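> Take this structure first; my questions come after.
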Amino acid sequence: QVQLVESGGGLVQTGGSLRLSCVASGDVLSNDIMGWYRQAPGKQRELVGTITSGGTINVADSVEDRFTISRNNPRNTVYLEMNNLRHEDTAVYYCSCRRSNTATRFWGQGTQVTVSS
């Protein structure tokens, strides 16, 4: 099992910035794929971005010019730097850890990001 704890969410005005962090503990493997998803009220959970231990990044088109995902492997931590936030970025942001080449995935409890317009 992998435990994921997110932090850094909160309330911010349109155009502002936030940095989310997620610390993984437990049975973390070196080739696990870490990432961020989000779920807005009444909508399905959607991908924000993922990053491998080797630094390969996949970011959703809707945020790629504003959000940056990074990872500190020795600290088992993944970050999401969010800039120029918009009202539509309001959602619960979830940290994800997926076993490489498997469907096994672990989730954090989520952190709320609210962007006021």
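Taken together, the values in this text are just the output of simple stated rules run on the coordinates, not laboratory data. For clarity, every value in this text was computed on a predicted model and none was experimentally measured. Glycine gets a Cβ as well: all are built from the backbone with ideal geometry, and neighbour counts include every protein chain shown.
> Provide the descending list of Cα extents for segment 27-92 along its principal axes, expressed in whole angstroms.
35, 23, 18
> Charges at C-beta only: +1 for Lys and Arg, -1 for Asp and Glu. How large is the resulting dipole of the chain about its Cα centre, in Debye rounded to 20? Don't jump to the answer; show the numbers that get you there.
Values: 11 positive and 10 negative charges, 41 e Å.
In debye, rounded to 20, the chain gives about 200.
> Around Gly16, which amide H atoms from residues at least 5 apart in sequence, or from another chain, sit under 5 Å from its own amide H, with H modelled in the peptide plane?
Leu85
> Quickly rank 21-27, 61-67 as a protection proxy: mean count of other C-beta atoms within 10 Å, highest first. Please report the intermediate quantities before stating the final value.
Working: 21-27: 16.3, 61-67: 14.6.
Final packing ranking: 21-27, 61-67.
> Sticking with this structure for a sec: Subtract the Cα-Cα distance of Thr77 and Ala40 from 0.36 nm times their separation in residues, and report this length gain in nm to one decimal. Walk me through the numbers before you get to the answer.
On the way: separation 37, 0.36 × 37 = 13.32 nm, distance 2.39 nm.
Computed gain between Thr77 and Ala40 is 10.9 nm.
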